[in-house]
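What follows is a single structure, written as structure tokens, with notes after it.
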Amino acid sequence: MHPVHRRSRRLELRELQAADVDALFAVYGSEKATEHMSFEPRTRDEVEQFVTRSVTASQADPRTEYTLAVVERDSGHLIGSGRLALDPHQPGGATMGFALRPASWGSGNGLETVRLLLGLGFEELGLHRVWGARSPANEASARTMARAGMVEEGRIREHVHKAGAWRDSIVHAILDHEWAARNA
């Protein structure tokens, strides 16, 4: 499926473009934005490589990865990215993740982003289950996923190695019939 374009009241998901590197670097290059992620802040060159890989992956047939720009509808500014990655070992399943620039936090943008990603997964891709993992310390992400209808399923122990230490991850998931019941 290409191109992806989904809208909510304030945001839209669209395909990443080469011109998005600097705006995305404001997210992935930020210590604050990457504090709870599984990686350290990235360099601009690393973000450029990430965007190039994402653009290439968007052309794959069949497509298994959807890394998309999160854009404010009114201003057209890129405020982050969202990702759905189909799992070849779990038919009908995908992992989900999102990252927003810190200036956009606390205003419901995370919830709108998660809902857009889940809508893509269930309504357009016909998925059965979507799951995401977060740092145990990221309570804002926990609240966001819960508000979107995702259920906390458990802990993956010492799942991420970052800053010289192992960290657990907390898994949240939602099923297609749960999504449908919430959005009927």
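Scanning segment 114-148 for residues that are out of contact with any Asp or Glu (no Cβ under 6 Å at 6 or more places or on another chain), assigned to a loop (DSSP other than H, G, I, E, B), open to solvent by less than 50 Å² (accessible area, probe 1.4 Å) and over 13 Å from residue 94 (Cβ atoms) yields a total of 3.
Every condition in (1) of a type in the set (Asp, Glu); (2) farther than 28 Å from residue 179 by Cα; (3) surrounded by fewer than 17 Cβ atoms within 10 Å (Cβ to Cβ); (4) in contact (Cβ under 8 Å) with a residue 24 or more places away in the chain is met by residue 74 except one, and the failing one is (2). Filtering segment 155-174 to residues that are under 15 Å from residue 95 (Cα atoms), open to solvent by less than 30 Å² (accessible area, probe 1.4 Å) and either out of contact with any helix residue (DSSP H, G or I) (no Cβ under 8 Å at 6 or more places or on another chain) or free of Cβ contacts under 8 Å to residues at least 40 places away in the same chain (or both) leaves 169, 170, 171, 173.
Does residue 10 fit the bill of being closer than 16 Å to residue 82 by Cβ and open to solvent by 40 Å² or more (accessible area, probe 1.4 Å)? Answer is yes for this residue.
The values are calculated or read from the model by the stated rules, or taken from the named source; none is laboratory data. This is a predicted model, so every value here is computed, not measured. We place every Cβ from the backbone using ideal geometry, glycine too, and count neighbours over all the protein chains shown. Quick note on the areas: whole protein, heavy atoms, side chains included, nothing else; ligands and nucleic acids left out. Shrake-Rupley method; radii C 1.70, N 1.55, O 1.52, S 1.80 Å.
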